[in-house]
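Reviewing the structure listed below.
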Amino acid sequence: MEIKKATEAVSSGVPTAVQLEAINAQAKAQLTAEQVYVFSLRLCDDQIDRDQERFDTTALPGLATLFIGKTGIVDHRWSAENQIARIFETQVVKEKGVSYVKAWAYIRRGGSNDEVIADIEAGIKKEVSVGCAMGSAVCSICGSEYGTCGHLKGEFYDGQHCCAILQDPVDAYEFSFVAVPAQRDAGVLKALGGRKKNLQELAEEFGIQAEYRGLFKEAELGRQYRRELENDVVRMLQSLDLGADHQVLRSVVKSAAAEDLLKLRGSLEAKMAEFLPVTTQLGGFAEEKAKLESGFLI
Ligand SMILES: [Zn+2]
């Protein structure tokens, strides 16, 4: 899935000697300290955000590496001349129990770039939208793949806040400067990416969570019915004394289609009914025996 988050650029200024070395490792031309402007960005952290999602703390180092060399564009316009900033260094920082990826980027001074630098310094272009692709999202309550378990992000279960934990960083994308405050909420954009959206995410997107919950409940009833059907068939097959292993019967029954299981249960029930008269006779016999015995006792 592709993730987009909003963050902020922090004005910094002239690069240190070490930073200049890292910048020149990324730049095509050898740049001097006077030619570049350096600023830092807080790319992503491991806290629950407004999408009720958070990056897994263990995913941050991988993301940090993926962001090195990524370029920054201005106001979502996509052309080579707009790719004015480039991340040359990243680091996972831990502060007050929060881990986040901090990035340092540079802009070449001169021409229209100076306007962007001035905007960053003035705090005008400080909002930045960053994007990345994550391989998986799991439910914070039960650890299942998010969307497969019925827990909904943003809701509380026994006081525990449910969120989707984003794992397995796959790729990091260009970042963009967003003019503030017109597009304050523009930073959060989601698009179909490496993973298809599941039904639950679509329900959240289109505001039909209640319908989804209803369907989920009905599906749960269906699964319960299926489990009972499987149990019935296994129990009857076992009572036939076929000498088959219980686990083998379970696995055969599990992979069978529901329609086949229904038919099989029908014929097994019919077969069992054939034995019923015998049971009745035996019962009758037992009754006779009881009578005889009681007679004997008298
Ligand atoms: Zn769950």
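Values in this text are rule-based calculations from the coordinates and carry no lab data. Since we're looking at a predicted model, the values are computed, not measured. Note that we place each Cβ from the backbone using ideal geometry, even for glycine, and neighbour counts take in every protein chain shown.
Can you list residues whose amide H is under 5 Å from Lys70's amide H, if they're 5+ apart or on another chain and H is modeled 1.01 Å from N?
Under 5 Å from the amide H of Lys70: Ile87.
If we sort 99-109, 215-225 on the protection proxy, mean other Cβ atoms within 10 Å, highest first, what's the order?
Values: 99-109: 21.5, 215-225: 11.2.
Those peptides, ordered most packed to least, come out 99-109, 215-225.
Taking R0 as 51 Å, what FRET efficiency do you get between Lys94 and Ile208 from their Cβ-Cβ distance, rounded to the nearest 0.05? Provide the component values of the computation, followed by the final result.
Values: r = 39 Å, r/R0 = 0.77.
With R0 = 51 Å, the Cβ-Cβ based efficiency is 0.85.
Mind listing the long-range amide H neighbours of Ala164? Cut-off is under 5 Å, sequence gap 5 or more, other chains count too, H placed in the peptide plane at 1.01 Å from N.
Distant-sequence amide H within range of Ala164: Glu53, Arg54.
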